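Working notes, beginning with the structure itself.
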Amino acid sequence: MNQSAEAPSSRSANGGSPAAAPVPAGTATPGQRALAWAHTARFLTTASKLDQLPPPALPEVAFVGRSNAGKSTAINTLANQRRLAYASKTPGRTQHINLFDVGPQDAPNLHWADLPGYGYAAVARGAKLRWQQVMADYLSHRHALAGIVMMVDSRHGFTTLDKQLLEFVAPRVGRGEVKLLVLLTKADKLNRSEQIKAISNAGQVLGETATDHADISLVLFSALARMGVEDAALVLHGWVTAPPVHTGEVAEAGAGLAATSAPSPAAVAEAPAPASPDDAPPLSPV
């Protein structure tokens, strides 16, 4: 994977990882350009309700996922910063929508929106319903929403709650209004055959959402191993630099794995996850 070199003495504005050294003009690969663009992410504002967000002046990409799926870590890894997105030691504590500018300092071209996680059983029911209603309102009513990055733990695949969220956004994705990128996180914990199986099972689930107008991508991702980081950056950068190409198919990438054909329909085995009747977010299809 091609990455730009780091300057040891240079620190990011958010106190995180060293800033990447600029790549000489005309020599950068598409992946390097996408990573350099992602590294410009910086905090804009936070809101606990939809009406507290700024007017939708730019397209927005929402990051969503179970509270322990590695959402904040994925954002920080893509941005090459340690503390851009808050990663609590207790999953499920993010209560707000956090917006980040991405792109040139004087002319950002995209907002990233970090939404509250869902499905953490230890959070009080009232707080859980309130946070998840904020997420539902954003996903169904925010006109600026142009894409969704969904984190799914590669070891467990799509859980019941993940499938419920996917069903909720499926109408907008199916109509081509909103693009979808699924990151199969923590993929470094799987061996190669398990990674191939995870891709195949996830592609099978996403195939039910694919239409002639849908733009859906699937990437094996590991922040620890830097797996799929460039692939994810390329997808996100492509959303703001290229016209949409709707194939009705799920694009698969990551860790050098070739796209695999989906097997015959079969139930996807899911590892047990902390759950209770209160875990389900109050979502219904748009």
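Put simply, of Leu145, Leu110, Leu99 the only residue that is aliphatic (A, V, I, L, M), in contact with a Ser or Thr (Cβ under 6 Å, 6 or more places away or on another chain) and closer than 30 Å to His39 by Cβ is Leu99. Taken over the stretch 151-191, the criterion of being in contact (Cβ under 8 Å) with a residue 60 or more places away in the chain and assigned to a helix (DSSP H, G or I) is satisfied by Thr160, Leu161, Asp162, Gln164, Leu165, Glu167, Phe168, Val169, Ala170, Pro171, Arg172, Ala187. For the stretch 129-160, the set of residues classified as over 23 Å from Leu183 (Cβ atoms) and modelled with pLDDT under 90 consists of Leu129, Arg130, Gln133, Asp137, His141, listed by residue number.
Out of Ala107, Ala47, Ala69, one residue alone is within 30 Å of Thr159 (Cα to Cα), out of contact with any helix residue (DSSP H, G or I) (no Cβ under 7 Å at 6 or more places or on another chain) and surrounded by fewer than 17 Cβ atoms within 10 Å (Cβ to Cβ). It is Ala47.
Of all residues in the stretch 120-137, one or more are touching a Gly at 6+ places or on another chain (Cβ under 8 Å), in contact (Cβ under 8 Å) with a residue 60 or more places away in the chain and not in a loop (DSSP other than H, G, I, E, B).
Looking at the stretch 184-201, is at least one residue surrounded by fewer than 22 Cβ atoms within 10 Å (Cβ to Cβ), modelled with pLDDT of 95 or more and closer than 27 Å to Pro59 by Cβ? No: zero hits.
The values are calculated or read from the model by the stated rules, or taken from the named source; none is laboratory data. Since the model is a prediction, treat every value here as computed from it, not as a measurement. Note that each Cβ is placed from the backbone with ideal geometry, even for glycine, and that neighbours are counted across all protein chains shown.
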